[in-house]
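Written out below as structure tokens is the structure these notes cover.
Each reported figure results from applying straightforward, stated rules to the coordinates on display, with no laboratory input. Everything numeric here is computed off the predicted structure, so don't read it as measured data. Heads up, the Cβs are rebuilt from the backbone with ideal geometry, glycines too, and the neighbour counts pull from every protein chain shown.
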Amino acid sequence: MGAEKAMFLTVEGAEGVGKSTHIETIKNFLDSRDIPHILTREPGGTPVAERIRELLLAVDEDETLCELSELLLVFAARAQHLERVVKPALAQGKWVICDRFTDATYAYQGGGRGLDVAIIASLESLVQGELKPDLTIILDLDPRIGIQRASERGELDRFEREQIEFFDKVRQRYLDIAAADPQRCAVIDAGNDLATVSSELRKILRSRVARHV
């Protein structure tokens, strides 16, 4: 690591884009360079945050989770995750690879649900302060293909059961985020075959991560 600071990497994308598979590629890349790191996810990452995740994903026929409650639960889980996992790891010189982060909130609650971006930004400032990812990989895929992939994995959670129009909005918000912040975000076409996607990911890592070692 030398004198360079640890990096905070996030992997984003809607359902079925293959985040878990490609996070493994990132892990192998860092392992091959003996870079200490942790893998984590949002919502979740700590026992408390994982219980909040269960609330967010559960299909409850008796009571529908309102949009603002959903947003506040997301940030409650994030606050716990940051204080207990992300910040301590970065302080110890460990790189953090996180399956989704605040971009997902802008995409799902902002784009998909249509919540006011100003409210999300206010909560982001309150919970995160100045902390932002150093690099964000956005895996882009036609939502129709993504949902089909998710369906093949098993029973769908509360988000995965949304209408396709919801996921079209999520996808577009992710692309808007990438266009607005090209220095941080890199978009990869997740519709390509696994070898092609993995190769593109390693290329990005070599150019935008290896130089920090």
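Residue-by-condition table, conditions (1) free of Cβ contacts under 8 Å to residues at least 60 places away in the same chain; (2) small (Gly, Ala, Ser); (3) surrounded by fewer than 19 Cβ atoms within 10 Å (Cβ to Cβ); (4) assigned to a strand (DSSP E or B):
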position: ASP31; (1), (2), (3), (4): yes, no, yes, no
position: ILE38; (1), (2), (3), (4): yes, no, yes, yes
position: GLY44; (1), (2), (3), (4): yes, yes, no, no
position: ARG51; (1), (2), (3), (4): yes, no, yes, no
position: GLU54; (1), (2), (3), (4): yes, no, yes, no
position: VAL59; (1), (2), (3), (4): no, no, yes, no
position: THR64; (1), (2), (3), (4): yes, no, yes, no
position: LEU68; (1), (2), (3), (4): yes, no, yes, no
position: LEU72; (1), (2), (3), (4): yes, no, yes, no
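Between ALA79, ALA118, ALA180, which is among the hydrophobic types (A, V, I, L, M, F, W, C), over 27 Å from ARG208 (Cβ atoms) and without any contact (Cβ under 8 Å) to a residue 12 or more places away in the chain?
The conditions single out ALA118.
Those residues that are over 25 Å from ALA91 (Cβ atoms) and of a type in the set (Gly, Ala, Ser), I need them from the stretch 24-78; list them, please.
Result: ALA58, SER69.
Exactly one of these conditions fails for ARG100: (1) at positive phi; (2) without any contact (Cβ under 8 Å) to a residue 40 or more places away in the chain; (3) touching a strand residue (DSSP E or B) at 6+ places or on another chain (Cβ under 8 Å). Give me its number.
The failed condition is (2).
Looking only at the stretch 12-29, count how many residues are exposed (fewer than 14 other Cβ atoms within 10 Å of the Cβ) and touching a Gly at 6+ places or on another chain (Cβ under 9 Å).
Here the count works out to 0.
When you scan the stretch 1-29, how many residues do you find that are outside any helix (DSSP H, G or I) and without any contact (Cβ under 8 Å) to a residue 24 or more places away in the chain?
Residues meeting the conditions: 1.
Return a yes/no flag: does the stretch 141-162 have any residue that is closer than 26 Å to MET7 by Cβ, surrounded by fewer than 18 Cβ atoms within 10 Å (Cβ to Cβ), among the hydrophobic types (A, V, I, L, M, F, W, C) and touching a residue at least 12 places away in the same chain (Cβ under 8 Å).
No, because not a single residue in the stretch 141-162 is closer than 26 Å to MET7 by Cβ, surrounded by fewer than 18 Cβ atoms within 10 Å (Cβ to Cβ), among the hydrophobic types (A, V, I, L, M, F, W, C) and touching a residue at least 12 places away in the same chain (Cβ under 8 Å).
Taking the stretch 107-140, which residues are farther than 22 Å from LEU68 by Cβ and either surrounded by fewer than 13 Cβ atoms within 10 Å (Cβ to Cβ) or among the acidic types (Asp, Glu) (or both)?
The answer is GLY129, GLU130, ASP134, ASP140.
When you scan the stretch 155-213, how many residues do you find that are closer than 23 Å to LEU30 by Cα and either part of a helix (DSSP H, G or I) or among the small types (Gly, Ala, Ser) (or both)?
20
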